[in-house]
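Undergrad: First the structure, which I've put down as structure tokens, then a few questions once you've had a look.
The values are calculated or read from the model by the stated rules, or taken from the named source; none is laboratory data. These numbers were taken from a predicted model, which means no experiment stands behind them. When we count neighbours, we look across all protein chains shown, and the Cβ atoms used for this are built from the backbone with ideal geometry, even at glycine.
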Amino acid sequence: MKVFCLGGAGNICREAVLDLVMHSDFEQITIGDFNEEEGRKVVEWLNDPRVDFVPVNVRDHADTVQKMSGYDIVMDGTTITLNGLSTAAIAEAGCHGINLNGFGEENASDAIFRLRKERPASQALA
């Protein structure tokens, strides 16, 4: 399985990623963050061949969806003010998601997640 760690260079998410490195069997753990310098520092700090970095700007919806597509789950460590954007991208990418920072505008993407649940995993969302 593959996990995309959105906001993975932030303080909360990087500690959660450390737990994944130490205690999970994910095949790929991707740090996705706007701050490329910090993201690459996290990859170096973790020093695990499963961990890589992808620059991502959650405000660029189409690019974010494209980068998350193909992952099994997105661990969202972005700020609460980005919840609506990050959750919409997770839903459209067809991933499961978990939010590490609290609640925001996630309910706006409920219909997309429900549609995804009703379709086989092999069918892409139109």
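Undergrad: Report, by residue number, each residue of the range 70-126 that is among the β-branched types (Val, Ile, Thr) and either within 22 Å of Lys2 (Cβ to Cβ) or modelled with pLDDT of 90 or more (or both).
TA: Ile73, Val74, Thr78, Thr87, Ile90, Ile98, Ile112, listed by residue number.
Undergrad: On to the next question. Take the range 17-54 and flag every residue that is in contact with a Leu (Cβ under 8 Å, 6 or more places away or on another chain) and more than 22 Å from Gly94 (Cα to Cα).
TA: The answer is Leu18, Val21, Leu46.
Undergrad: Taking only the range 11-46 into account, find how many residues are among the charged types (D, E, K, R) and either touching an Asp or Glu at 6+ places or on another chain (Cβ under 7 Å) or buried (at least 19 other Cβ atoms within 10 Å of the Cβ) (or both).
TA: 2
Undergrad: I'm trying to understand the selection: among the residues of the range 47-95, which are assigned to a strand (DSSP E or B), aliphatic (A, V, I, L, M) and crowded, with 19+ Cβ neighbours inside 10 Å?
TA: The answer is Val51, Val74, Met75.
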